[in-house]
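First comes the structure, then the notes that go with it.
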Amino acid sequence: MMEGLFPWLLNVWKYWQANLEAERFSKATLLVAPDGLGVEKLIKRFSQVLMCSNYLSEFCGFCRSCQLISSGNHPDFHLVSPVAKGKVITVEQIRACSNFAYASSHLSSLRLVVVKPAELMTESAANALLKTLEKSSLSCIFLLVASSRNLLLPTLVSRCQKWSLSLPEDAVIFTWLKEQTRKYIPDCAICLNSNAPLNTLSFIEGDGWKNYLLIEGKLLEVIKHDTGTFLELSTLLSRESDKYLSWLWYLFSDAQKIHFGLSYTIPGALELSTLLSYEQLYLQFCKLTLLKEQLRLHSTLNSELLIIDWLIDLSSDISQ
């Protein structure tokens, strides 16, 4: 494995490296990368190589540019990201990076602006960036990093050369996990973490498996009409609603498979499939999908109240 890069990053990097060597890297590039792939390492490698004064497709590590980019103080590198968790990328931030793009480089032949995560730009910020890309200096490269191209303005996407990082196959992730940890790797760990290797490793080395079993157990108790666990489960789920609701989404998905005689990996799916019919499982699966999307689109909503509403509907639906 190339030092510093995860195996699933190598394919894109080799193409980027070839384009850098040929001096034909696009001045506006969009990298679509799902969460949990460690794309930060790819961005770091790209910025190191681009800023290096001695090589086109490698970095020496010794020149002044390499030392500055390593310390995070290179004057030709600019990162645009939300100022705090839960915030957006504002039009003021994009205007500031536009001024940066128009200026002459200090040490390197090119300047680099990284916008990450690009989907958090407001509409006015995205439009401002589009205007900058249409007029910006040829000595500046814009690298936009997003989890999905569908979350960006189509006109902005059309201006960029597009690259995508795919989620690795289970076998690739499992081999990598065995190299990283000696802890027990549950069969369903990769699935529960949407095939995101770094998230799966964190799940294994932290309290992920213990937390999953706790939430799974509480859900099964609720379905068995144990009302004492109702509020306890809603409180648990609201702590990290996106992650924990995704776990239940996969649980309901696996339980549906059992009704068709298909294989499954999540242990609680078998018991869940005996408690609910396929029709009941499918209904809750759809409602859970809508709940996840609602919380994704409207982060300011009270997640615990929405989760309680879903659990009330669940209890009502299965008692009919």
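Read-outs: derived from the displayed coordinates by stated rules, not from any lab. It should be emphasised that the depicted structure is a prediction, and the values quoted were computed from it without experimental measurement. Virtual Cβ from ideal backbone geometry, glycine too; neighbours counted across all protein chains shown.
Estimated from helical segments only, the mean residue ellipticity of the chain at 222 nm is -17000 deg cm²/dmol, where each DSSP H run of four or more residues counts as -39500 (n - 2.57).
Any idea what the relative contact order of the chain is, in percent, if you count C-alpha pairs under 8 Å spaced at least 6 apart?
For the chain, the relative contact order is 15 percent.
Among [x] 57, 45, 33; [y] 55, 52, 33; [z] 69, 43, 32, find the value of Cα extents along the principal axes in Å that was calculated from the structure presented, and write down its label. Answer label, from the structure shown: [z]. Find which of Ala22, Leu198, Leu219 sits farthest along the positive direction of the dipole of the chain, computed with +1 on the beta-carbon of Lys and Arg, -1 on that of Asp and Glu, about the Cα centre. Ranked along the dipole, the leading option is Ala22.
Defining a contact as two alpha carbons under 8 Å apart and six or more residues distant in sequence, what relative contact order in percent does segment 7-164 show? The partial results should precede the final answer.
Values: 255 pairs, mean separation 48.8, N = 158.
After rounding, I find 31 percent.
Is the shape of segment 184-274 rounded, prolate or oblate, going by the alpha carbon gyration tensor and its root eigenvalues a ≥ b ≥ c, with a/c under 1.5 for rounded and a/b larger than b/c for prolate? Oblate. In a reduced charge model with +1 at each Lys and Arg Cβ and -1 at each Asp and Glu Cβ, the chain shows a dipole moment near 1340 debye about its Cα centre.
Against the chain, whose longest principal axis comes from its Cα atoms, helix 241-259 is set at around 60 degrees.
For Cα pairs less than 8 Å apart in space and 6+ apart in sequence, what is the mean separation divided by the residue count of segment 207-319, i.e. the relative contact order in percent? Could the numbers behind the result be given before it?
On the way: 92 pairs, mean separation 34.0, N = 113.
Reported relative contact order: 30 percent.
With a simple spin-label model that places each label point 7 Å from the Cα along the Cα-to-Cβ direction, the separation between Ser71 and Ser105 comes to 2.0 nm. Evaluated with a Cβ-only charge set (Lys, Arg +1; Asp, Glu -1), segment 7-164 carries a dipole of roughly 60 debye about its Cα centre, given to the nearest 20. The long axis of helix 278-297 is offset from the longest Cα principal axis of the chain by roughly 40 degrees. Footprinting exposure proxy ranking of Cys63, Cys160, Cys97, fewest other C-beta atoms within 10 angstrom first, gives Cys63, Cys160, Cys97.
Of Lys116/Lys243; Lys257/Lys287; Lys44/Lys135; Lys210/Lys287; Lys85/Lys210; Lys116/Lys257, which sit over 29 Å apart, Cα to Cα?
Working: Lys116/Lys243 21 Å; Lys257/Lys287 18 Å; Lys44/Lys135 26 Å; Lys210/Lys287 26 Å; Lys85/Lys210 26 Å; Lys116/Lys257 37 Å.
Violating the 29 Å limit, Cα to Cα: Lys116/Lys257.
The overall shape of segment 16-109 is prolate: from the C-alpha gyration tensor, with semi-axes ordered a ≥ b ≥ c, the ratio a/c is 1.5 or greater and a/b exceeds b/c.
What's the longest piece of the chain with no exposed trypsin sites (Lys or Arg not before Pro), counting a site as exposed if DSSP puts it in a loop and it has at most 13 other beta carbons within 10 Å? Mind showing how you got there, number by number?
On the way: sites that count: Arg24, Lys85, Lys87, Arg182, Lys183, Lys224.
My reading of the result: 225-320 is the longest stretch.
Seen against the Cα atoms of the chain and their longest principal axis, helix 39-51 is set at about 0 degrees.
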